[in-house]
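The values are calculated or read from the model by the stated rules, or taken from the named source; none is laboratory data. Here the structure is a predicted model, which is why all the values come from computation and not from measurement. Here Cβ is always computed from backbone atoms with ideal geometry, including for glycine, and neighbour counts include all displayed protein chains.
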Amino acid sequence: MISTVTISTISTITTITTTASIGIAATLSIVATIALIAMLTAKELIGAKQGGSSSSICKYLSVGIAPLLMVFAVVVAVTLTTVL
C-alpha cells in the first residue's frame, strides 16, 4: 500500500514538473520572439534616419539581434520536430 501511494505521488509530481517546464519554455519562446521583432523593427526605423548616432545605435542593436535569431532558429526547429 505504501509503495503504491509513493509511486502515485512521484508520478503526479513528475507530470506537474514536466507541464510547468513546458509552460515556461513556451513563455520564454514567446518573449524571445517578441523581443526579436521589436529589435528588428527598431533597427529598421533607426536605420532609415540619416545621422551619426543612428548608425552606432544600429550596430548596438545588431549585437542583441544575433543571439535572438539563434534562439528563434532553435524554437522553430524544436516546433517543427514536435509537429512532424
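Give me a count of the residues in the stretch 24-62 that are within 24 Å of VAL78 (Cα to Cα) and either more than 15 Å from the chain's Cα centre (by Cα) or not β-branched (Val, Ile, Thr) (or both).
10
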So which residues in the stretch 45-54 are loosely packed, with under 13 Cβ neighbours inside 10 Å and either in a helix (DSSP H, G or I) or modelled with pLDDT of 85 or more (or both), if there are any at all?
LEU45, ALA48, GLY52, SER53
